[in-house]
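What follows is a single structure, written as structure tokens, with notes after it.
The values are calculated or read from the model by the stated rules, or taken from the named source; none is laboratory data. Not measured: the values here are computed from a predicted model. Counting neighbours? That spans all protein chains shown, and the Cβs are built from the backbone with ideal geometry, glycine included. Note: accessible area is taken over every heavy atom of the protein model, side chains too, but ligands, DNA and RNA are not part of it. Shrake-Rupley method; radii C 1.70, N 1.55, O 1.52, S 1.80 Å.
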Amino acid sequence: MRLTEAQLAVLEAASATDDRPIDDLAAEIDEKPETVTRVAFELADEGLLTVSEAEQVSVAITDEGREYVETDLPEIRLHRAALDAGADDAPQSMGEVIGGADLEGGAVDIALSNYARKGYGTIESGEITADPDVDPADDPEALALEAIAAAAPDVTADPGETAPDRDASIEPPESIDADVLERLERRGLIERSESTVRSVTLSEDGVTALMEGIETAETVDRLTPELLTSGEWRDVEFAEYNVEADAETATGGRKHILRQTADRVKDVLVGMGFREMDGPHADSEFWINDCLFMPQDHPARTHWDQFALDLPPMESIPPGLLDRVERAHREGWGEDGDGYHSPWTEDVARAIDLRGHTTSLSMRHLSGFALGDLEPPQRFFSVEKVYRNDTLDPTHLLEFFQIEGWVMAEDLSVRDLMGTFEEFYRQFGITDVQFKPHYNPYTEPSFELFGRHPETDELIEIGNSGLFRQEVLGPLGVECDVMAWGLALERLLMLMYGFDDIRDVHGTLCDLELLRETEVVR
Amino acid sequence: MPVVDVDPDELRELTGHEKTDEEFIDDLFALGLEFEGETEDGDLQLEFAPDRLDRLSVEGIARSLRYHYGDARGVHVPDTNDADWTIEVADSVPDERPYVTGAVVRGVDLDDDALDSLIQLQEKLHATMGRKRAKGAIGIHDLAMLKGNAESDGDGNAITYRGVDPEGDTFVPLDSDAEMTPADVLENHDTGRTYADLVAEYDRYPAIYDDLGLFSFPPVINGRRTEVTTGSRELLVEMTGTDQWTIDRMLAIVCYALSARGATIEDVEIAYPDGDADGGAGADGAADVEPIAGGSDSSTASHPSAGRTLVRPDLDVTEKSVSHDRIESTIGVSFKPDEVVDLFERSGLDATYSLGEDVVYDVEVPPYRVDVLHPYDLVDDVGRAYGFNDLEPRYPDVGTVGGRHDRSRLEDAARDGLVGLGFEDLLNFHMISGPENYDRLRVDPGTDVAGGGEPVEITEPYSEDYTQLRTWALPSLLMVLERNTHRAYPQDLAEIGLAAERDETENTNVAERRTVAAVLARTDASYEDAKARLQAVCRDFDVDLATPPTDHPTFIDGRTAAIEIDGETVGVIGEVHPAVLVEHDMELPVAAFEFRLDALE
């Protein structure tokens, strides 16, 4: 048989004939009582010993009790004073006797009530008698108190100690009658407490095991390289941990949740055959607005909606393209086309802004400026930042991510557009996409996309889409159809996570704890 | 997007359909008008995209519903009577606002609702096509209060659109009892102050005169004398602006609305001044000429429409051609030509076609349809009449190969590396303020240290927190640390994002780059901790790292190094200077590094 060192020590210390309390064993083998208790139960489970439990009463003397041990109980002092005053012959004046007993305050009442109870004499009409036959030296309460005081450790040695505590508790001497103990407790001279005491007895199996001999295994705290290399690990037992306890908080690195959402969108779009676009954040209004057939006096092109930059104008814009775009604005495109009746100047077109949408990237690509001329079919996307001069509030930021995508092919219909976007949104759990006819300066037909929130079932706007107009495609030199759509990434994020304040997530007002604790995207 | 308040009782009256409010709301949604709520008076608030500006009044919405219900088909053009009134344009008219148009409307019966609707239409047209009155402004007058002076040729009535010196005349404007000069109005009248900016730069202010004198000060305010009330029976509608086409279309929309209430439209002649012999503009296209910039000698320049006489309102239909193929390929459905004609007519258009190899429709477009610029716009009308939501979506049979951009793949790989090293990935704004970007990190703009580039500044920013693009990302990370001092440490943060500085060698005059920034904020953060992580990133990308000592105002001297990757200086690493930490309310050390992402390529 093999046991741990602690188990063997307890087994050896236990007796087959006596119940030995755990505390005794612990003292003997120099282990903590809790350890011995745990080990005793382990050994009892093995059938090597039995554990019995008994209720034990212990008493401790109070400060008042200790005082009376030194000065005698008040009623005894009263009796002694009464005898001295001659109250055994004739009744004496109470006042004098009390004065002779040197009693004060509450002690007077204590003395008087117990005097009569114990039959030391009578108290009547302010006079006191004393029974000479009574010998207070035999008083059982006083004797018991003395016995308890004598047995208790001398706690008064420590001046800081004021109340009886566990260390001062003792088992009451057997000589003391239970009634007397109860009376002392009622008088507040002692305190009684009850506790469970466990004792162990060696079982027959235990005796047998000891006789057959027991090997011990060493208990180790940590698995060390030495244990592994020496092979000693085979002979050791590992100290048990409290495996249920909480450990320290660890915060590992993680990708920002908006990036995670962007990545998921990118995965979906790459899977649908889209290529990623890249391009400048600061760009000329030409690429941002003019190519998109946004009239230069369009309300969204004012300083209040877009961020203009203090920079010299863009010098290099492909001249043919610039002329064609201007012509589309002024005269329209094609035989029956009409232009805008709005002012158009190159100065405005060449001014540099922060892009208000990533459609500027689509324009750079469709024109052939970014990657050279493109032959249909093509699919392109970007998930990039755009800038709008808006009011900051829980759902609007000055900077946000726009998902932008377009498909170029020979013949595209509204049904193709619907099918593409239904497929995209299905990937995010949004089904039942509805298409509301809409107006954009750069697409026709145009549709606002609505979908049902997967949890609230609300109908919410989830994007804007359409087929690029001839006035957009013609000047760019694109002769086939292009359908496009856009959507704010933050909107998708807020739908997926149920955030109600985007500022907690994006930007320098962010709360690290929120970022650390948000559930990861699945 | 515009919102129009519509009285549902008026809708019932003008459409002749006794529908409930809810039924109207559903029908209107199908037309693209979204119900936003009700006003206190029980009017429906309807929002729609700013293309169909003919729907800015209850009359226009009722017209659209009548087409939708099939009560009306094809193009309707109101009849007009011959002109009795002329608007003569004087040479003195401000060069900045040379154009005018107008119509006389007789037999109007304006109850309170009709008057409210007319005022609303006027306001909404100002807000949209009129570009807040800058491009076009509408004045409506009680014709009975006007006294036309004898026209130049001695026949009929005439009023004059001319320029007036700011202090040169007086009139009593609406909402006032006092005679005021135009300049007084701009200074002391509520409406005048609101629109003062529109004419502030003009040498002479626009004014309209009849025989009795000045009665309108466009685009600011009308005179009280000609105010329209429910008692008015005959109206003069005039519009002035910077573009003839725009005000003519606005006028058409107003005339259609009044005609829908039973009024009779009467032409008005617009007589532009005689031009110089060689300065006369051609018959067409003159309307597109840019206004001539104002100047001291501008009064001698000829009017862009000099010599022209126009008869207005212009209610002519325009014609555009669109092919059957285009309609089918865009909507994705096969049609018979007669079906298409039917759908056009249900949209308030007229179409004819000739059978041949290719079926082409000649489509007539009424003058209130300001949204039809290209023939393909007509396809949208067919689709809406057919019902876009009845279309069956299909996934396009187009094969393409998807893929990520190299730049974003590199960014992702570097980000994964940093996250693997225990950094929390952050996402901060690219816009920042000068003090945050430079001062609080002790960096001066235009210095040759990391983060010291010239700022790309926002023109007239209206938040002092966002006045420029950040030149580096370390300031953003320090701001996050500053705002999270109550959160658990260590705080190891990293960001890969945009940084930009002014660079006139670039096409956009901005050098944009992705920057990799990281901070380690912990009680024992040291240079070595930062360098260990920087080394790990460089090892991942198999680039050579060297860190020669350097000076940088943000970092502690002697604990700062330049980051050299493959022999090129690309960033800085060090222990952040205590002055910078205290400035950011930090009570523990921070080690940091920042370098250009493209160094890892």
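Ranked by the mean number of other Cβ atoms within 10 Å per residue, highest first, peptides A:60-71, B:539-550 order as A:60-71, B:539-550.
In Å², rounded to the nearest 100, what is the total accessible surface buried by chains A and B against each other with a 1.4 Å probe? Please report the intermediate quantities before stating the final value.
On the way: alone 28860 and 29010 Å², together 49210 Å².
What A and B bury together is about 8700 Å².
Go through B:THR547, B:THR508, B:PRO461 and say which Cα lies farthest out towards the positive end of the charge dipole of the stretch B:406-600; charges sit on Cβ, +1 for Lys and Arg, -1 for Asp and Glu. The one lying farthest along the dipole's positive direction is B:THR547. All alpha carbon pair distances within chain A were sorted into 20 Å bins beginning at 0; the resulting P(r) in whole percents reads 16, 24, 12, 16, 18, 11, 3, 0. A DSSP coil position with no more than 11 other Cβ atoms inside 10 Å describes none of the trypsin sites (Lys or Arg not before Pro) in the stretch B:215-279.
Taking all protein chains as they are arranged and a probe of 1.4 Å, the heavy atoms of A:LEU489 leave approximately 0 Å² accessible to solvent.
Treating only the Cβ of Lys, Arg, Asp and Glu as charged (+1, +1, -1, -1), what charge dipole size does chain B show about its Cα centre? Round to the nearest 20 debye. Each step should come with its number before you reach the end.
Numbers: 50 positive and 130 negative charges, 282 e Å.
Dipole size: approximately 1360 debye.
Between the listed residues A:VAL200, B:HIS17, B:ILE138, the Cα displaced farthest toward the positive end of the dipole of the protein assembly as shown, a dipole computed from Cβ unit charges relative to the Cα centre, is found at B:ILE138.
From the alpha carbon gyration tensor of the stretch B:467-601, can you work out the equivalent ellipsoid semi-axes (sqrt of 5 times each eigenvalue) and give them in Å, largest to smallest?
Numbers: eigenvalues 114, 72, 36 Å².
So the three semi-axes of the stretch B:467-601 are 24, 19, 13 Å.
Taking K and R as +1 and D and E as -1, what net charge do the other residues with C-beta under 13 Å from the C-beta of B:THR226 add up to? Each step should come with its number before you reach the end.
Numbers: positive: B:LYS147, B:ARG224, B:ARG225; negative: B:ASP142, B:ASP210, B:ASP211, B:GLU227, B:GLU234, B:GLU238.
Computed value for this residue: -3.
Within 9 Å, Cβ to Cβ, of A:ASP416, how many net charges do the neighbouring residues add up to if Lys/Arg are +1 and Asp/Glu are -1? List each step's numbers first, then the result.
Details: positive: A:ARG415, B:ARG394; negative: A:ASP411, A:ASP481, B:ASP397.
With Lys, Arg at +1 and Asp, Glu at -1, the net is -1.
The relative contact order of chain A comes to 13 percent, based on Cα pairs under 8 Å that sit 6 or more residues apart. Leaving out ligands, DNA and RNA, what percent of the accessible area of chain B is carbon and sulfur, probe 1.4 Å? Carbon plus sulfur share of accessible area: 42 percent. With axes computed from alpha carbons, what is the tilt in degrees of helix B:112-127 against the longest principal axis of chain B, rounded to the nearest 10 within 0 to 90? Between the helix axis and the principal axis of chain B, the angle is about 50 degrees. Note on chain A: antiparallel DSSP beta bridges, both residues inside, total approximately 90 percent of the bridges counted. Across the stretch B:344-349, in residue order, what do the Karplus-derived ³J(HN,Hα) couplings come to in whole Hz, using 6.51 cos²θ - 1.76 cosθ + 1.60 with θ = phi - 60° and x for Gly and Pro? Those phi angles translate into 4, 5, 5, 8, x, 10 Hz.
Averaging the Cα positions of each part gives two centres, and for the stretch A:333-411 and the stretch B:482-508 these lie 26 Å apart. The alpha-carbon positions of the stretch A:378-468 define a convex hull whose volume is 120 Å³ per residue. For the stretch B:463-601, the relative contact order is 25 percent, taking Cα pairs closer than 8 Å that sit 6 or more residues apart in sequence and dividing their mean separation by the residue count. Size descriptors for the stretch B:3-69, from the alpha-carbon set: Rg then Dmax equal 10.5, 30 Å. Between the beta carbons of B:SER92 and B:THR170, assuming R0 = 22 Å, the FRET efficiency works out to 0.80 to the nearest 0.05.
Computed across the stretch A:74-136, the Kirkwood hydrodynamic radius from all distinct Cα-Cα pairs reaches 10.9 Å.
The GluC sites (Glu not before Pro) of the stretch A:195-241 meeting both criteria, a DSSP state outside H, G, I, E and B (loop) and at most 16 other C-beta atoms within 10 angstrom of the site's C-beta, are A:GLU240.
On the protein heavy atoms, probe 1.4 angstrom, tell me the percent of accessible surface of chain A carried by carbon and sulfur. Could you put the intermediate results ahead of the total?
Details: 11160 of 24590 Å².
Carbon and sulfur together cover 45 percent of it.
Grab the DSSP H runs of the protein assembly as shown that are 4 residues or longer, score each as -39,500 (n - 2.57), total them, divide by all residues and round the 222 nm result to the nearest 500 deg cm²/dmol. Present the calculation step by step, with values, prior to reporting the outcome.
Numbers: 34 runs with 340 residues, N = 1123.
Mean residue ellipticity at 222 nm (helix-derived): -9000 deg cm²/dmol.
Identify all lysines with a Cα-Cα distance to B:LYS135 below 17 Å; exclude those on the same chain that are fewer than 8 residues away in sequence. Qualifying lysines at Cα under 17 Å: B:LYS124. Looking at chain B, the DSSP beta bridges with both ends there are about 90 percent antiparallel.
With N set to the number of residues, divide the alpha-carbon radius of gyration of the stretch B:318-390 by 2.2 N^0.38 Å and report two decimals. Could you put the intermediate results ahead of the total?
Working: Rg = 11.2 Å, N = 73, 2.2 N^0.38 = 11.2 Å.
For the stretch B:318-390, the normalised Cα radius of gyration comes out at 1.00.
Its relative contact order, with pairs defined as Cα atoms under 8 Å and 6+ residues apart, puts chain B at 12 percent.
Projection of the Cα convex hull of the protein assembly as shown, averaged over all directions and equal to a quarter of that hull's surface, yields 77.2 nm².
From the square roots a ≥ b ≥ c of the eigenvalues of the alpha-carbon gyration tensor of the stretch A:1-111, which class results: rounded (a/c under 1.5), prolate (a/b over b/c), or oblate? List each step's numbers first, then the result.
Numbers: a/c = 5.79, a/b = 4.77, b/c = 1.21.
Here the stretch A:1-111 falls in the prolate category.
So what's the angle, to the nearest 10 degrees on a 0 to 90 scale, between helix B:190-199 and the longest Cα principal axis of chain B? Long axis of B:190-199 versus the principal axis of chain B: about 80 degrees. Accessible area per residue was computed with a 1.4 Å probe on protein heavy atoms; A:THR17 scores about 120 Å². Between their Cα atoms, which of A:LYS436/B:LYS132; A:LYS266/A:LYS385; A:LYS255/B:LYS531 are more than 24 Å away from each other? Exceeds cut-off: A:LYS436/B:LYS132.
Projecting the Cα atoms of B:THR39, B:PRO8, B:SER57 onto the charge dipole of the stretch B:3-69 (Cβ charges, centred on the Cα centre) puts B:SER57 farthest toward the positive pole.
If we count every other residue with Cβ under 10 angstrom of A:ILE214's Cβ, Lys/Arg +1 and Asp/Glu -1, where does the sum land? Intermediate results must be reported in sequence, preceding the final value.
Values: positive: A:ARG2; negative: A:GLU12, A:GLU212, A:GLU215.
The answer is -2.
In whole Å, what is the distance between the alpha-carbon centres of the stretch B:96-145 and the stretch A:468-502? Answer, in whole Å: 37. Qualifying GluC sites (Glu not before Pro) in the stretch A:314-399, where qualification requires a DSSP coil assignment and no more than 15 other C-beta atoms within 10 Å, comprise A:GLU315, A:GLU335. Using the Cβ-Cβ distance between A:SER113 and A:VAL243 with R0 set to 45 Å, the FRET efficiency works out to roughly 0.15. Measure out, as a whole number of angstrom, how far apart the alpha-carbon centroids of the stretch B:553-601 and the stretch B:1-62 sit. The stretch B:553-601 and the stretch B:1-62 have Cα centres spaced 62 Å from each other.
May I ask you to give the average projected area over all directions of the convex hull of the Cα atoms of chain B, in nm² rounded to one decimal? Before the final figure, lay out each step's value.
Working: hull surface 155.2 nm².
That works out to 38.8 nm².
Shielding of peptide A:486-496 by partners, expressed as the average count of other chain Cβ atoms within 10 Å per residue Cβ, is 0. Residue ranking by accessible heavy-atom surface, 1.4 Å probe, largest first, among B:TYR438, B:TYR209, B:TYR462, B:TYR527 comes out as B:TYR462, B:TYR527, B:TYR209, B:TYR438.
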